[in-house]
1. Quick one: which residues, 5+ away or cross-chain, put their amide H under 5 Å from the amide H of residue 73? H built at 1.01 Å from N.
2. Hey, any idea what % of the chain's accessible area is carbon plus sulfur with a 1.4 Å probe?
3. Through the Karplus equation 6.51 cos²θ - 1.76 cosθ + 1.60, θ set to phi - 60°, convert the phi angles of region 9-15 into ³J(HN,Hα) values in whole Hz; use x for Gly and Pro.
4. State to the nearest 20 debye the size of the charge dipole of region 2-110 about its Cα centre, where the only charges are +1 on K and R beta carbons and -1 on D and E beta carbons.
5. Expected output is a single nm value to one decimal: the length gained when fully extending between residue 70 and residue 50, i.e. 0.36 nm times separation in residues minus the C-alpha distance. What is it?
6. Solvent-accessible area of residue 76, probe 1.4 Å, all protein chains present, reported in Å² to the nearest ten, please.
7. Please compute the length gained on full extension between residue 41 and residue 110, using 0.36 nm multiplied by the number of residues separating them and subtracting their Cα-Cα distance.
8. Send over a whole-number figure in Å² for the accessible area per residue of the chain, probe 1.4 Å.
Amino acid sequence: LKPDLVLCFAFPEILNKKVLSIAKFGNINFHSSDLPRFRGRHPVNWAMIKGEKTVGICAHFMNEKIDLGDVILRDYVFVKRDDRILDVMSKLTNKMKKMAVTVIKQVSSNCLYTSTQNLSLSSYDKKREEKDSKINWNHRTLEIHRFINALSNPYPNAFCKKKDKSEIVKFSESTIGETIGQVVAETLDGRVVVSAKDGVLLLKANKKLKVGDILE
């Protein structure tokens, strides 16, 4: 094969120099982070776990190093408070499709403008292992909330063990609520769960409240 251009999406291996030399106009990778931050594996999971309010996406030329080639295009998506990993990935995929078309048009018209990465901002996160999904209950409520949703289906879910037992409990998603002051659940004994700035509160009120009510 002698392609004019190679586009790479979520390919988990490093292409060697021989492969990188084949395409006439080069090899372009689409990486889901604000490069050079969050280089390496699982960038979206790591960004959500670390509380990033936005997740970047970059189209960059590939070289023999990991995610360090010159950047062609850069964009971002916002992470909402109750977003799960697939919600963020869906937003990124939509951006990536449009970005790929733009890159092809720029290459075909010989109109590419690149920028080198500022390596002083570089960060590299390791490949996640099963043990990395264990919940630390000493963390803040919002940190645990983001941790669980960053590892929601189809990824291996966040987990913990019951005290004094070997039984493992897994959590597929967490909900705090998009809006502070929103009633997000009712309990059988008449109490309500209300979204707060850093988690939720279990409250008993003198008025009947329903899920979806906003308290000011």
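1. Under 5 Å from the amide H of residue 73: 59.
2. Details: 7400 of 13640 Å².
For the chain, the apolar C and S fraction of the accessible surface comes to 54 percent.
3. 10, 6, 8, x, 10, 8, 6
4. Numbers: 19 positive and 11 negative charges, 14 e Å.
Value, rounded to 20: 60 debye.
5. Gain on extension, residue 70 to residue 50, equals 4.7 nm.
6. 100
7. The span from residue 41 to residue 110 would gain 21.7 nm if fully extended.
8. On a per-residue basis, 63 Å².
The values are calculated or read from the model by the stated rules, or taken from the named source; none is laboratory data. These numbers were taken from a predicted model, which means no experiment stands behind them. Glycine gets a Cβ as well: all are built from the backbone with ideal geometry, and neighbour counts include every protein chain shown. Keep in mind that these areas ignore ligands, DNA and RNA; they rest on the heavy atoms of the full protein, side chains included. Shrake-Rupley method; radii C 1.70, N 1.55, O 1.52, S 1.80 Å.
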